[in-house]
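The values are calculated or read from the model by the stated rules, or taken from the named source; none is laboratory data. What you are looking at is a predicted structure, and each value in this text was computed from that prediction instead of being measured. In this analysis, Cβ positions are derived from the backbone assuming ideal geometry, glycine residues included, and neighbour counts consider all displayed protein chains.
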Amino acid sequence: MTEELKSLSVLVGICPSTSALDECERSLDELERLLDTAGGIALAKVIQVKETFDPRTCIGSGKVEEIRALCENEKAELVVFDFELTPAQIRNLEKDLDGPAVIDRSMLILDIFAKHAVSGEGKLQVELAQLKYSAPRLIGKGTELSRQGGGIGSRGPGESKLETDRRHLKERVVALEHRLAELERNRAVMRASRDRSGIPKIAVVGYTNAGKSTLLNTLTGAGVLSENKLFATLDPTTRKMELPSGECVLITDTVGFIRKLPHHLVKAFKSTLDEVKYADILLVVSDASDPELSEHLQVTREIAEQLGAADKPVIYAYNKCDILDAVPTDGAEDSVFISALDGFGIEALLSLIEDVLQRTKKKSTLLIPYAEQSVLSAIYNSYSVESVDYEENGIRAVAVLDSKGLGMYGKYLIDN
Ligand SMILES: Nc1nc2c(ncn2[C@@H]2O[C@H](COP(=O)(O)OP(=O)(O)OP(=O)(O)O)[C@@H](O)[C@H]2O)c(=O)[nH]1
Ligand SMILES: [Mg+2]
């Protein structure tokens, strides 16, 4: 595909009070990076400080007129709003702005997802999310209009254009949901077989561009694409890794998180993000050189919570220490300072993973009925068994179980 001409764009943010101005500006800077990744250029950023919300256009009519004039002067083709717009608000804004296409932050993110999806499942998930979110916002624009703004916001996964024909929409949504449910079942079967192997699972999570894929490559030589772009990774990659102790773990790289990621978008990527939900340990990677580090960690915590992974043991890896002026010498508990790029701190990270894994294990006594001897061999396969006694009412076994084993064999536990 030949490189498209960069779409000239205006970015618009809204903030409730002057005290929130800083946060709003940083969010707009991030929107500019998203736009750059999608193939656009920000000509100007406009912020409206406003306590009240105009339901018709969100921003006030004076601001709309200001943006219209700006677009006319600068020949902007696209206006990107840094907050969620309803289909009606998009229509009203396009009418008032009289020329440029209007999209919101989520449509822009979905556009990037569409460009970066590689696997079949990833593409289906993006298409479904677009049909549910972007399509209703694009309906009625016609094919001519979808070329407006360089097509940003209306690109489908791969090379195809997002279908916005109302008649076909419903059928396609049903077909996609059906196909994705099938793939999710396959994934569950695969996960169950991995679980039987008893190998602990680590999910690498964190803000987009933190260095998750680079870390996976450093740890396992996985050859995952890492790029100085937002949302370079969309599909999860799992690799087996041997710890210095000889124990093996499965480590999965996942899609990055970002602020203002609507709940329904998180849900759209449920099947791939389930890797996070079913992990034994979360490895939170963050860019320690980013001035917004704490905000990024907060967003990561919130999304992990949404994914049902709030109560998992967490390891914090503060990355990109090679570009810090000074590397802090003492961090919080279960945290480590690393550079995924030059390998600094990787040994410390591996031994921390071993420590945390060790902590999830517990010496447990089980009483297994003779009729269920296969349970004992399953435990033998995955865990270290310290003793076995054949008693009158069953087999008494002492084994070191992790949290998963405790869940699986909980009903055989006897307290002592
Ligand atoms: N200086 C420095 N740069 C790094 C380090 N780790 C990663 N990077 C750079 O940061 C950028 C993003 O790295 P990725 O590994 O793609 O980040 P990611 O977290 O996988 O990002 P997404 O998949 O987009 O969510 C790339 O340009 C990397 O080269 C590091 O330790 N030091
Ligand atoms: Mg990545």
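Summary of values
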| quantity | calculated |
| --- | --- |
| Members of the range 205-237 found to be free of Cβ contacts under 8 Å to residues at least 40 places away in the same chain, hydroxyl-bearing (Ser, Thr, Tyr) and either under 25 Å from LEU110 (Cβ atoms) or outside the structural domain of ALA309 (by TED's automatic domain parsing) (or both), listed by number | SER226, THR237 |
| Any hit, the range 7-27, residues being part of a helix (DSSP H, G or I) and within 30 Å of SER271 (Cα to Cα) | yes |
| Enumeration of residues in the range 209-236 that are among the polar types (S, T, N, Q), near ligand 1 (Cβ under 7 Å from one of its atoms) and touching a helix residue (DSSP H, G or I) at 6+ places or on another chain (Cβ under 9 Å) | ASN209, SER226, THR233 |
| Failed criterion for SER286 (all others in (1) at pLDDT 95 or above; (2) farther than 22 Å from GLU347 by Cβ hold) | (2) |
| Verdict on ILE323 being of a type in the set (Val, Ile, Thr), away from ligand 2 (no atom under 16 Å from the Cβ) and out of contact with any Phe, Trp or Tyr (no Cβ under 9 Å at 6 or more places or on another chain) | yes |
| In the range 383-403, the residues that are touching a helix residue (DSSP H, G or I) at 6+ places or on another chain (Cβ under 7 Å) and at pLDDT below 90 | TYR383 |
| Complete set of residues in the range 330-353 that are away from ligand 1 (no atom under 16 Å from the Cβ), outside any helix (DSSP H, G or I) and within 20 Å of LEU250 (Cα to Cα) | ASP334 |
| Any hit, the range 44-63, residues being in contact with a Pro (Cβ under 8 Å, 6 or more places away or on another chain), in a loop (DSSP other than H, G, I, E, B), assigned by TED's automatic domain parsing to the domain that holds ASP104 and within 19 Å of GLN89 (Cβ to Cβ) | yes |
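Residue-wise test of (1) more than 30 Å from VAL204 (Cα to Cα); (2) assigned to a helix (DSSP H, G or I); (3) touching a residue at least 40 places away in the same chain (Cβ under 8 Å).
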| site | (1), (2), (3) |
| --- | --- |
| ASP355 | no, yes, no |
| SER364 | no, no, yes |
| SER374 | yes, yes, no |
| ILE379 | no, yes, no |
| GLU386 | yes, no, no |
| TYR390 | yes, no, no |
| VAL398 | yes, no, no |
